[in-house]
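Please read the structure below before turning to the comments.
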Amino acid sequence: MSEIQINTLTPGMVLLSNIEDRNGYLLLPSGTKLQDGHIQLMKKLGLKSVEAVPESEAKGITLADPCEQYIRNFFVYCDPDNEAMLEIFRIAVARTQLAVERGWIMPTEDQRLATNLEFMKDLYPPGLGSAKDLVDHETELATFPGIYFRIKEILDSPSSSAADIARVVSTDVGLSAKLLKLVNSPFYGFADTIDSIAHAVSLVGIKEISTLALGISTINFFKDIPPELMDMKTFWRHSLSCGILSRLISMRAKKTHRDIEPDRLFTAGLLHDVGRLIIFKKQPYASVQALLYARENMIPLVDAESEVLGFDHTEIADLLLSEWNFPVAITTAIVNHHDPKSASNPKEAAIIQIADNLTNAVEISRGGMYVLPGIQADAWEGLGLKTSELVGIVDQFDEHIEEVLGAFM
Amino acid sequence: MGLLTSSSLTLRKTVKITDKEFDDLRKFIYDKTGIDIPIRRRYLLENRLGTRLTELNLSSFAEYHNFLMRDPGRTSEMEKLCEKITTNETSFFRDIKQLNVFRSDILPEMLKVQEEAGKKELNIWCAGCSSGEEPYTLAIMILEQLGMKVISWRIKISAYDLSPAMLAKCRKGVYGEYAFKTTPKGMILKYFEKQPDGTYKVRPKVQKLVSFAPINLSDRMALKRVPKSQIVFCRNVIIYFDEAMKKQVLEGFYDNLLPGGYLFLGHSESIHKLSTAYKPILKPGGICYRKDA
C-alpha cells in the first residue's frame, strides 16, 4: 500500500492515482512529480491521504506531463476521434509547452476558481428578461450610427461605385484610419502602400471594403462599455482572433468552394460574439455569473449562458442583427456558429465555429480559461482542407494578430 | 515560427461509446434519477465515466450499463455516476445576493409570522444539499439572526441528497479551504473549528440544527414523505431534469410547502414556463416564489 498522509508528503514524490475535483475535472494525473504547489492544492481540497511513492522508488514510473493534462481538460466536450480536433489539441499542447519554456506559469486552481463578488446591477431580475427584452431595450435606447446605414445602402445597391463607398467612409475619420491600417497590414499582403479608401476599393473590391467598414463601425458602437464591467481587451482580442482565423481558413477553403467570401468571414468572425456585448451591457451581474459558472465547472460558455440566463449570445445576435438589417449572409454565419448545419450557408458558419474553437485553443497559453465548445460532425470535413494545413493557419495567425490588433485598438 | 506537433499524442483516453450505448445509458439514467443528459454532452460522458470503466475492469459501455443494472455494487456505482455527471461546485455563503433575500426579508418575516401564531418552530427543506455547504450556511444565518434566542425555538433544517457518500460527508462536517472562498472571514472563526491538518469542522451548535437523509427527487412518493416546510431551497439541482420532470418536482415542492411558504431556486432558474401555482416575489437581490396563505 502506498497510501501517504497529506501532512507527510514532500516535493519530489510521485503521485500514483488521479486527483480529480468534485466535477471529475482532472487536477493532477497519476505520474505527477509533486511540487509544493501541488501539495498545497491537495490540502485546500481537504484530502487526508493519497497514493504516492518517494522519488527513490519511482524509477519505473512514466512521469506525467502537466501541460498535456492541463490542455486535455479544455477538450472534454470535443470528439476525440475527429482528426481536425486532434490536430488542434496537438497544436495547443505544443504552444503551451513552448510558453512554459519561455516562463509562462500555468494558472493555479486558485486562479481558476477566483470569484468576483462585485455587486453589479442587472436591468432585469433573474428569469424575467427574455432575449427579446434585452434587444428591444438596446435598440430603443441607442441609435446605431448613421454611417452604418449609409454603408449598408451601398452594399445593398447593385449600382454602387468605388467613389460612393469612398465618399461615405471618408466622412468618418476614425473608421477610415482603421480600414486603411487593416488593408495595409501584411495580413492583406499588398506590395504597395494604400493611401486612400478609393485606392483600397480598387484593390480589394467595393463589396469587400463595405463589408469590412460595416464590421468596424459595429465595433465602434460598443466602444463605451465600462472596463469595470468586463475585460474588453480580452473580448476584442478573442473577436479579432476569430476574425483573422476565419479569414485564413476561408481563403484556403475558397479554392474548392468558390462562393465563400473571406472578407465576409472576417467580419462575421469579428462579430461572432456581438450578442455577448448586449448581455454585458444589460445584465452585467448575470454575465459575470455565467463566466464564473463556465470557468468553475469547465463547461462551454455558451452552455453556461443558457443555464444562467435562459438564452445564449446567438439568440441575442439573431434579434439584434435582424433589427439592424444586417446583411443576411453575415447574420446567418454569426447566429449559427455553434450549430452550422442550421445556417443557410453551413460552410461559412462551420468556418466560424472552427475558428472560434481554434481561438480558444490558442488562448489557453495566454491564460484563457474556457473549454472548447466543440466542432459539429462533418463541419471540418465539408471544407475540403487537410488537417495538416491547420499548423500553417495558426502560424500565419501568429504573424498577423498583434498588428491587426494594433490597427483596431 | 513553425510549430512541430507530436503525432504520438492522442485525445482519446477512454473506450468509445457507441450511438446505441449512449442512447441506452441516457434512458437508464433518466429513468432512475430524472437527470437528462443532453446529446451534446456525449464526449463529456465518455470522459467522466471512462475512468470508471478502467477502475471496474470493464471493456465497454454496454458492460458498464449491465453493471449498473445487475452488479451487487450497482447502488454505490450509481451514486458515483451521478456525482460525475452533475456539476457540483458549491461553497459556504454561495450566491450571497440571493441568500440576503432569505436573511433580510424571508427569514425575519417567517419568524415573525410563526411567533405571532404562537408556534416557535421553523422547518426548512434543503432539497439536493450536495456536500452540506448550503444547509449549514442557512443554519449559520439563522443563528446570526436569533443569537441566544435560538434556545426557545425549534429550528429544523432537513437536508436531503441522492448520494449517501455525500450525506456522509455532510454529517462529518469537515471542509477544506476552497469551501470558504465566498465566506466572510468572521463567520469562519465563529462557526468552524480549525483542525490540525488545516481543514475546518462545523461547530456542534450549527450541526444541531441540521439533519441529513437520502432522497431521489424524481420519486413522487418520496417527496410526499418529507415533513411540511415553511421554506424550500432547491438551488441549481433541477437544471439537470427535463421539463416534465422539473414540473413534477415543482409540484412536489408546492404540496410540501405550508401556506404562505417560500421556494428558493437557483439565482437564474426561472419558474414561469413550468408552474403558475407560485407567486414570484421580486426583491432587489433576487427572486423567490410564494405559496398563497
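The values are calculated or read from the model by the stated rules, or taken from the named source; none is laboratory data. This structure is a prediction, so every number in the text was calculated from the model and none was measured. A quick note on method: Cβ atoms are made from the backbone with ideal geometry, for glycine too, and the neighbour counts reach across all protein chains shown.
Please enumerate the residues belonging to region B:92-128 that are more than 14 Å from chain A (Cβ to nearest Cβ) and among the hydrophobic types (A, V, I, L, M, F, W, C). Answer for region B:92-128, where residues must be more than 14 Å from chain A (Cβ to nearest Cβ) and among the hydrophobic types (A, V, I, L, M, F, W, C): B:Phe102, B:Ile106, B:Leu107, B:Met110, B:Leu111, B:Val113, B:Ala117, B:Leu122, B:Ile124, B:Trp125, B:Cys126, B:Ala127. When region B:49-59 is filtered for residues that are away from every other protein chain (no Cβ under 14 Å) and surrounded by fewer than 17 Cβ atoms within 10 Å (Cβ to Cβ), the ones remaining, listed by number, are B:Leu56, B:Asn57, B:Ser59. Among the residues of region A:17-47, the ones that are under 24 Å from B:Gly173 (Cα atoms), out of contact with any strand residue (DSSP E or B) (no Cβ under 7 Å at 6 or more places or on another chain) and not aliphatic (A, V, I, L, M) come to 7 in all. Restricting region B:232-253 to residues that are part of a loop (DSSP other than H, G, I, E, B) and closer than 25 Å to B:Asp105 by Cβ leaves a set whose member that is nearest to the other protein chains (Cβ to nearest Cβ) is B:Asn236. Scanning region B:259-287 for residues that are within 11 Å of chain A (Cβ to nearest Cβ) and either modelled with pLDDT of 95 or more or touching a strand residue (DSSP E or B) at 6+ places or on another chain (Cβ under 7 Å) (or both) yields B:Leu265, B:His267, B:Ile271, B:Pro280, B:Ile281, B:Ile287.
Of the helices (runs of 4 or more DSSP H) contained entirely in region B:134-231, those carrying at least 1 residues that are within 14 Å of chain A (Cβ to nearest Cβ) and not small (Gly, Ala, Ser) fall at B:164-172, B:185-191. In region B:254-270, which residue that is buried (at least 24 other Cβ atoms within 10 Å of the Cβ), of a type outside the set (A, V, I, L, M) and assigned to a strand (DSSP E or B) is nearest to the chain's Cα centre (by Cα)? Taking the candidates together, the pick is B:Phe264. Exactly one residue among A:Thr234, A:Thr193, A:Thr211 is outside any loop (DSSP other than H, G, I, E, B) and surrounded by fewer than 20 Cβ atoms within 10 Å (Cβ to Cβ), and that residue is A:Thr234. Checked across region B:37-48, the condition of being over 20 Å from A:Ala84 (Cβ atoms) and more than 10 Å from every other protein chain (Cβ to nearest Cβ) holds for at least one residue. Residue count for region A:379-409, restricted to those that are more than 14 Å from chain B (Cβ to nearest Cβ), closer than 18 Å to A:Ala253 by Cβ and of a type in the set (A, V, I, L, M): 2. The C-beta contact set for region A:154-167 (first residue more than 13 Å from A:Ile197 (Cβ to Cβ) and at pLDDT 85 or above, second residue of a type outside the set (Phe, Trp, Tyr) and surrounded by 14 or more Cβ atoms within 10 Å (Cβ to Cβ), distance under 7 angstrom, 6+ apart or interchain) comprises A:Ser160/A:Ile154; A:Ser160/A:Ile206.
With respect to A:Thr359, determine if the residue is within 11 Å of chain B (Cβ to nearest Cβ) and either in contact with a Leu (Cβ under 8 Å, 6 or more places away or on another chain) or under 20 Å from A:Ala290 (Cβ atoms) (or both). Here the answer is no, as A:Thr359 does not meet what is asked.
Listed conditions (1) free of Cβ contacts under 8 Å to residues at least 40 places away in the same chain; (2) away from chain B (no Cβ under 11 Å); (3) in contact with a strand residue (DSSP E or B) (Cβ under 9 Å, 6 or more places away or on another chain) are all met by A:Val14, apart from (1).
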